[in-house]
Structure formats: C-alpha cells, structure tokens
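All remarks here apply to the structure that follows.
The values are calculated or read from the model by the stated rules, or taken from the named source; none is laboratory data. Fair warning: this is a prediction, and the values are worked out from it, not measured in the lab. Cβ placement follows ideal geometry from the backbone for every residue including glycine, while neighbour counts extend to all protein chains displayed.
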Ligand SMILES: Nc1ncnc2c1ncn2[C@@H]1O[C@H](COP(=O)(O)OP(=O)(O)OP(=O)(O)O)[C@@H](O)[C@H]1O
Ligand SMILES: [Mg+2]
C-alpha cells in the first residue's frame, strides 16, 4: 500500500499507492494525534499528513530484524490498554511493523484497523 517507505535522515515518508494506503496514512496521523502520552510511547511519531492522505511524514526508526517475542508483544498490547468499543489494537507482532526509536521499540505500521472490517 505504501512501500517502499523513503527514509531521509530523521524522516520517513509514506507515499500511498492506492485508497487503502491513503486511508492508512490518515489513520496513523489521527491515531497518533489523538493518543495519550502513554500510548504515544508505543507509536513511531507521525508528524504530518497531506489532506487526502497521499503523503505521511513520520520520524524515522530502525526497523527490527526479528519478530517480537510473544512476551514483548503481550507487554505492548497490555501497555496500549485497549478498551472495548475502540478500534482494534492497532499493531501486530511482525518484525517489519516495529522499529527502534529513541531507545525503545515503537510500532511503525499501526494502520490495521483503518481497513480491517469494523465491528
Ligand atoms: N517510521 C519509519 N522509519 C523507518 N522505516 C519505516 C518507518 N515506517 C515504515 N518503515 C518501513 O517501511 C515498511 C512499510 O511501511 P508500512 O508497513 O507502514 O507500510 P505498508 O503500507 O503497510 O506496507 P507493507 O505492505 O510493506 O507492510 C515497514 O515494514 C518498515 O520496514
Ligand atoms: Mg505494513
């Protein structure tokens, strides 16, 4: 939907290839903006999105090479404090969805609920 993501210095730029990509870009920007500080520590910062979602600018992170352990994922899921009625938990344990940023692991792709069937 948005690969390849272009990393330029501190910034990562996600170019949407299609409507799903645009929806994902808008979703990540909005989720980051509306999240509490506690939740933001789990998310790679989204800095700016174009009005239609064609372009999203994030801080650049160092992608993980290995999938997270189940324990780490449970920790992240618990820290998110998912509440019933909200969109689904926004991240998955895939290695490519996580990266190192400022000494912690953060989600790079947190757009799953943007296009997953809504309850
Ligand atoms: N902020 C970032 N810093 C560094 N690399 C990133 C960042 N965001 C994404 N990437 C890299 O780009 C890849 C694709 O980004 P992302 O998963 O958000 O887009 P996607 O549209 O879901 O693409 P894909 O279908 O390949 O997962 C990620 O797997 C990750 O390796
Ligand atoms: Mg992805």
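Among the conditions (1) surrounded by 14 or more Cβ atoms within 10 Å (Cβ to Cβ); (2) under 27 Å from residue 18 (Cα atoms); (3) out of contact with any strand residue (DSSP E or B) (no Cβ under 8 Å at 6 or more places or on another chain), the only one that residue 106 does not satisfy is (3). Checked against the criteria, residue 62 counts as under 22 Å from residue 93 (Cα atoms), at pLDDT 95 or above and exposed (fewer than 14 other Cβ atoms within 10 Å of the Cβ). Just one of the numbered conditions (1) surrounded by 12 or more Cβ atoms within 10 Å (Cβ to Cβ); (2) assigned to a loop (DSSP other than H, G, I, E, B) is not true of residue 72: (2). Going by what's in this entry, would residue 47 be described as away from ligand 2 (no atom under 16 Å from the Cβ), over 13 Å from the mean Cα position of the chain (by Cα) and farther than 17 Å from residue 112 by Cβ? In short, no. Scanning for something closer than 18 Å to residue 114 by Cα, in contact with a helix residue (DSSP H, G or I) (Cβ under 9 Å, 6 or more places away or on another chain) and touching a residue at least 24 places away in the same chain (Cβ under 8 Å), does the stretch 61-79 turn up at least one residue? Scanning the stretch 61-79, I find no residue that is closer than 18 Å to residue 114 by Cα, in contact with a helix residue (DSSP H, G or I) (Cβ under 9 Å, 6 or more places away or on another chain) and touching a residue at least 24 places away in the same chain (Cβ under 8 Å), so the answer is no. Of all residues in the stretch 87-119, those that are more than 12 Å from ligand 2 (Cβ to nearest atom) and in a helix (DSSP H, G or I) total 1. Taking the stretch 87-102 as the range and being closer than 17 Å to residue 5 by Cβ, surrounded by fewer than 21 Cβ atoms within 10 Å (Cβ to Cβ) and in contact with a helix residue (DSSP H, G or I) (Cβ under 8 Å, 6 or more places away or on another chain) as the test, only 92 passes.
State which residue is surrounded by the fewest Cβ atoms within 10 Å (Cβ to Cβ) when the search covers only the stretch 1-54 and only residues that are part of a strand (DSSP E or B) and either modelled with pLDDT under 95 or touching a helix residue (DSSP H, G or I) at 6+ places or on another chain (Cβ under 7 Å) (or both). Only one residue tops the list, namely 43. For residue 57, indicate whether it is more than 16 Å from ligand 2 (Cβ to nearest atom) and outside any helix (DSSP H, G or I). Yes.
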